[in-house]
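Working notes for the structure below.
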Amino acid sequence: MFLDKLFKKKTETQIVRFEGAEDDLVWLAPYKQIPAKSSLDVVVTEDYQAECTVDGVRNRYSGGRFNLSAGNNTADVEIVYVRKESVISLKWGTPNPIDIQDPIFEMPIRLGSSGEAKVSICDTQVFRKKLVSGARTYTTDDLADFCRSQIAAQLSSSLSIILKENGLSYFDISAQLIALSYLVKNKIESFFNDYGLKLEYFIMTTARMWDEGALERLTADREFNRRYREREEIADKLRSERKQDERDSLDGQLAILRALGNCQAVINESNRESLSININSPAQNSKHNKSQCRFCGAPLEGYAEFCPICGNKVKNSEVSKNAR
C-alpha cells in the first residue's frame, strides 16, 4: 500500500526545466494548467530566473527546484524563464539618413552614423510586458534588432538638441565623438529604461554627411569657408593647449566642447556688433558719437591717425576737435 501511494504521488508530479535555445532571453514553458491534486516541480539554473504565476499569484524563483501545487482544484499556471544579468553587445548603424539642424552654420544636414552599444535587462516584468508580450520566445537577436531601430530613431532629435545646447557644429562631431557619445547616451537611456532595459554602453564610431555632394557645395561657398576657418582656428588652438592623453579622454573632450560653445557665443556677439556698425551710415553714426570714423563709422580712440577698422586716414584736426 505504501509503495502504491508513493508511486501514485510521483506520477502526479511533473518536472519543468528550461528547454529553450542558448540565445533565448525569454522562454515560455508549455504548461497552462496544473490538474487537481497534482503539482509541478520547476527546476531553475543560476543563469535564469523563473516567473511562475498560479491562479494570478506571481512568484520568482532562482537557483533551485521549486514545487507548484494545484491543491484540490485545477489551477491556471504560467511559467516563464528569463535570463538574468544578460548583457548583449551589438553594432548599430543608420540604414536611412537622420536629419539634424546645424545651429552654427544654420543649415539642415543629412547625417549617417554607426557605432556600438551594450544593453541589459534591468526590469524583467516591464521588459516582458512591453516587448515580449505573448511571444513564446524572445532571443538576443530580437532584442538587438529592437535596440538598433530605436537608437537610429532617437539619434536624430537627441543629437540636434545637444549641438544646439552646446553651440556646436556638424564639423565638431568627428573630432569629439567620445564626448558627444556620452551626451547622447545620457539623452536616450531614459527611453530604454521605459522598456525595462539599461543602456550599459554607447559609442558613435563614425559620423559623416549622407550626401557627399552637400559638403562639396558648402566648401564652394566663400562665406561658409570664412566662418568654417574661424571655427577651425579656435578648435585647433583649444586642442593644442591640451596633451594628447587628455584630449583623447572623455573629460578632455567634454572640456573642449564647452570651450567651443563659449567661444562660439563670443563670435556670434562679435558678428552682431559688426553687422550693426556696417548697416548704419557714416552720417547716422556721427550723430550718436562724434569720435567715429567718417568712412566706416568705427569708434576712434584718442588722436588716432588711421581708422583701426577700415584703415583710412583721419585728419588730426578733426579728431582733436571731436576729442575735446
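The values are calculated or read from the model by the stated rules, or taken from the named source; none is laboratory data. The structure presented is a predicted model; accordingly, all values stated were derived computationally and were not measured. Neighbour counts are summed over all protein chains in view; Cβ atoms, including those assigned to glycine, are modelled from backbone coordinates with ideal geometry.
Computed values, structure above
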| quantity | calculated |
| --- | --- |
| Cross-chain or 6+ apart pairs with Cβ under 9 Å, the range 61-78 first and farther than 10 Å from Leu40 by Cα, then part of a strand (DSSP E or B) and of a type in the set (Lys, Arg) | Glu78/Arg58 |
| Which listed residue, of Ala144, Ala135, is of a type in the set (Gly, Ala, Ser), surrounded by fewer than 16 Cβ atoms within 10 Å (Cβ to Cβ) and either within 30 Å of Phe18 (Cβ to Cβ) or not assigned by TED's automatic domain parsing to the domain that holds Leu197 (or both) | Ala135 |
| Candidates Ser174, Ser169, filtered to the one that is closer than 24 Å to Arg229 by Cα, buried (at least 19 other Cβ atoms within 10 Å of the Cβ), of a type in the set (S, T, N, Q) and more than 12 Å from the chain's Cα centre (by Cα) | Ser169 |
| Residues within the range 196-226 that are modelled with pLDDT of 80 or more and outside any strand (DSSP E or B), tallied | 1 |
| Filter pass, Val126 being out of contact with any helix residue (DSSP H, G or I) (no Cβ under 8 Å at 6 or more places or on another chain) and hydrophobic (A, V, I, L, M, F, W, C) | yes |
| Residue match in the range 54-71 (condition: outside any helix (DSSP H, G or I), under 25 Å from Leu143 (Cα atoms) and of a type in the set (A, V, I, L, M, F, W, C)) | no |
| Every pair of residues 6+ apart whose Cβ atoms lie under 8 Å, when the first sits in the range 148-172 and is free of Cβ contacts under 8 Å to residues at least 60 places away in the same chain and under 14 Å from Val184 (Cα atoms) while the second is in a helix (DSSP H, G or I) and among the charged types (D, E, K, R) | Gln154/Lys187; Ser158/Lys187; Ile161/Lys187; Ile162/Lys187 |
| Among the residues listed as Asn262, Asn193, the single one being loosely packed, with under 15 Cβ neighbours inside 10 Å and either at pLDDT 65 or above or under 30 Å from Leu131 (Cα atoms) (or both) | Asn193 |
| Residue within the range 98-113 that is surrounded by 14 or more Cβ atoms within 10 Å (Cβ to Cβ) and closer than 30 Å to Lys32 by Cα present | no |
| Matching strands (runs of 3 or more DSSP E) fully within the range 87-174 where at least 1 residues are under 14 Å from Val26 (Cβ atoms) | 87-93, 107-121, 137-139 |
| Any hit, the range 16-32, residues being exposed (fewer than 13 other Cβ atoms within 10 Å of the Cβ) and not in a loop (DSSP other than H, G, I, E, B) | no |
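Okay, residues lined up against (1) within 30 Å of Lys164 (Cα to Cα); (2) without any contact (Cβ under 8 Å) to a residue 12 or more places away in the chain; (3) in contact with a Gly (Cβ under 6 Å, 6 or more places away or on another chain); (4) of a type in the set (Lys, Arg):
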| site | (1), (2), (3), (4) |
| --- | --- |
| Ala36 | no, no, no, no |
| Val87 | no, no, no, no |
| Lys91 | yes, no, no, yes |
| Met107 | yes, no, no, no |
